[in-house]
Every structure is written in structure tokens, then in C-alpha cells.
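The values are calculated or read from the model by the stated rules, or taken from the named source; none is laboratory data. Bear in mind the structure is a predicted one, so any value in this text is a computation, not a measurement. No Cβ is skipped: glycine too gets one built from the backbone with ideal geometry, and neighbour counts run over all protein chains shown. Side chains included, ligands, DNA and RNA excluded: accessible areas come from the protein's heavy atoms. Shrake-Rupley method; radii C 1.70, N 1.55, O 1.52, S 1.80 Å.
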Amino acid sequence: MTYTEQDIYFMRLALEEAKLAFNDGEVPVGAVLVKDNDIIASAHNTRESSKDPAGHAEILVLRGGANFIDNWRLAYATLYVTKEPCIMCAGAMVNARLGRLVYGCKDEKGGAVDSLFNLLSDKRLNHQVEVVSGVLEEECVEILQRFFKSRR
């Protein structure tokens, strides 16, 4: 599969957020929310530092983006995230009416987009999200592996 230059550019920025998480001792997942080619929010995981179970990068950018545009509907936005979203984050994307998701690597143990569930394409729900996967996959896998290896 080929990706656009824009997809690669914004995924690199999401990887920069993941590096910030890594340096903070957080699971290195980073996200960037883009609307009309402008970044409207960026974040990385903060669960440990915030002691918030919802402190996932995706949730934080959805909140930040909704605040930025002053609307909870993010139908024309694209969320770039380094790892396949979990059930909570995928559910929030459906509820936000997100237009598009681009993610780096799969999460075989918790992914709710392709690995364990197909939440964003489930026709039983009132909204489906366009999904592109595998953008800068090797880099996204590498930072996660390096993080967990350093914890062992």
C-alpha cells in the first residue's frame, strides 16, 4: 500500500509525540489531529503522569481538537496515531464522528480497528471512519519495542 506524503509527514509528527511519551516514562504513543492540513491538536499518552485511565493520546487530541474548533463533531478531521487504537479510543472516534484515522502499527492484544475488533467499520454503528494503516509501521513498532525492552 502506498501512502501520501501528507500521511507520512503527519505520522512523523505523531512519532515525535511518541518520543515525548517515551522520555516521560509513558507508553510511547503519539497522536496528531489535522483539519484542512492544519494541526488542531497533538498529544501523547499521559496515563501514568496524570493517573487518568483515559489519558490516551487519541482521547487527548480528540478533546483538544473539539475545543479548538468549538464543536464535538470532527467529521472533516484526520487523526494520526502511532499505534492501533483500543476499544475506548475507537469508540470515542465514532462518537466524535471522526472523518479519517491513519495509524502506524497494529496492536494484536488490544487493537479495536483491525486486530481484535473492527469497530470503526461496523455498519451497526451510526458512523464509520475511513482507516489507513501501516504508515511508518517499522518506526512505530521500534519505539514500542524499545520502551518495553527497557522496562524488563
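A few points about this structure:
- Selected residue (only one of ARG151, ARG100 is modelled with pLDDT of 95 or more and either touching a Pro at 6+ places or on another chain (Cβ under 6 Å) or open to solvent by 30 Å² or more (accessible area, probe 1.4 Å) (or both)): ARG100
- If the condition is being part of a helix (DSSP H, G or I) and exposed (fewer than 14 other Cβ atoms within 10 Å of the Cβ), then the range 33-68 contributes GLU48, SER49, SER50, ASN67.
- The lone criterion from (1) of a type in the set (Asp, Glu); (2) free of Cβ contacts under 8 Å to residues at least 12 places away in the same chain; (3) within 18 Å of LEU120 (Cβ to Cβ) left unmet by GLU84 is number (2).
- Looking only at residues in the range 105-138 that are open to solvent by less than 60 Å² (accessible area, probe 1.4 Å) and outside any loop (DSSP other than H, G, I, E, B), the one that is farthest from ALA31 (Cα to Cα) is LEU119.
- Scan the range 77-97 for residues that are open to solvent by 60 Å² or more (accessible area, probe 1.4 Å) and in a helix (DSSP H, G or I) and the total you get is 3.
- Scanning the range 5-32 for residues that are surrounded by 19 or more Cβ atoms within 10 Å (Cβ to Cβ) and either in contact with a Leu (Cβ under 7 Å, 6 or more places away or on another chain) or part of a loop (DSSP other than H, G, I, E, B) (or both) returns MET11, LEU15, GLU26, VAL27, PRO28, VAL29, GLY30, ALA31, VAL32.
- Scope the range 74-95; condition among the aliphatic types (A, V, I, L, M) and touching a strand residue (DSSP E or B) at 6+ places or on another chain (Cβ under 8 Å); matching residues: LEU74, ALA77, LEU79, VAL81, MET93
- Test: residue in the range 39-50 that is in contact (Cβ under 8 Å) with a residue 40 or more places away in the chain and either closer than 16 Å to CYS140 by Cα or touching a helix residue (DSSP H, G or I) at 6+ places or on another chain (Cβ under 8 Å) (or both): no
- Evaluated against (1) touching an Asp or Glu at 6+ places or on another chain (Cβ under 8 Å); (2) open to solvent by less than 70 Å² (accessible area, probe 1.4 Å), LEU74 falls short on exactly one condition, (1).
- Qualifying residue in the range 75-89 (condition: farther than 24 Å from LYS35 by Cα, out of contact with any Gly (no Cβ under 7 Å at 6 or more places or on another chain) and among the hydroxyl-bearing types (Ser, Thr, Tyr)): no
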